[in-house]
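Read through the structure below, which is laid out as structure tokens, and then see the notes.
The values are calculated or read from the model by the stated rules, or taken from the named source; none is laboratory data. Fair warning: this is a prediction, and the values are worked out from it, not measured in the lab. Here the Cβ positions follow ideal geometry from the backbone for every residue, glycine too, while neighbour counts run over all protein chains shown. Side chains included, ligands, DNA and RNA excluded: accessible areas come from the protein's heavy atoms. Shrake-Rupley method; radii C 1.70, N 1.55, O 1.52, S 1.80 Å.
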Amino acid sequence: MASIEDVMAFLVDHRAPGVTPGYVSEQLLSMSWIIDAQDAARIVDVGKRWLRSDDSFRVAVAIGLENETYLADSWAEIAALAGPLKERFPSMAADVDAWTARAETAYRKLEGGTFFGRGEEDA
């Protein structure tokens, strides 16, 4: 039986021409709702590894997963990943900047104790 990592790799390696990383991310996130919790968690684990990949498409897929998941333990970890990603993949600098801008609010809320927040800025 194939692992979720095998499925993810298959989807990336056998994608049709013109399929964007964001579309693959969306499909993986959708798939996470119909598989068991352990395999859904493995999608996040693979995404975490892909953020450190030398494959720009896999990095971009992982960045897309961040829309609904946490791929790091803190905002500081995300911020630390951003610089090296932009150095390795200069053509992705704008995407990395957009990713970190999206992620910062969610991570700050998480650090405050809740994803959804009801802090001062939400009241």
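What to note about this one:
- Ordering of 84-93, 43-52, 97-106 by packing [mean C-beta count within 10 Å, highest first]: 43-52, 97-106, 84-93
- For region 28-34, 3J(HN,Hα) computed residue by residue from phi via the Karplus equation (6.51, -1.76, 1.60; θ = phi - 60°) reads 5, 5, 4, 4, 4, 7, 10 Hz, glycine and proline entered as x.
- Surface accessible to a 1.4 Å probe, per residue, for the residues of the chain, Å²: 60 Å²
- Segment Tyr23-Glu5, extension gain: residue separation times 0.36 nm, minus the distance between their alpha carbons: 4.8 nm
- Cα-based equivalent ellipsoid, region 16-82: semi-axes from gyration tensor eigenvalues, Å: 18, 17, 9
- Cα-projected label distance for Ala79 with Ser56, points at 7 Å along beta-carbon direction, nm: 2.7 nm
- D (Stokes-Einstein, µm²/s), Kirkwood Cα radius, the chain, 1.306 mPa s at 10 °C: 105 µm²/s
- Between the Cα long axis of helix 75-88 and the first principal axis of the chain there is an angle of about 50°, rounded to the nearest 10.
- Cα-projected label distance for Asp13 with Gln38, points at 7 Å along beta-carbon direction, nm: 2.4 nm
- Theoretical ellipticity at 222 nm over the chain - DSSP helices of four or more residues, -39500 (n - 2.57) apiece, nearest 500: -20000 deg cm²/dmol
- Highest to lowest packing among 15-23, 54-62, scored as the average C-beta count within 10 Å: 54-62, 15-23
- Total charge dipole magnitude, the chain, about the Cα centre, Cβ charges on Lys, Arg, Asp, Glu only, Debye to nearest 20: 160 debye
- Positive-end ranking of Pro21, Met1, Met31 along the dipole of region 1-96, with charges on Cβ about the Cα centre, is headed by Pro21.
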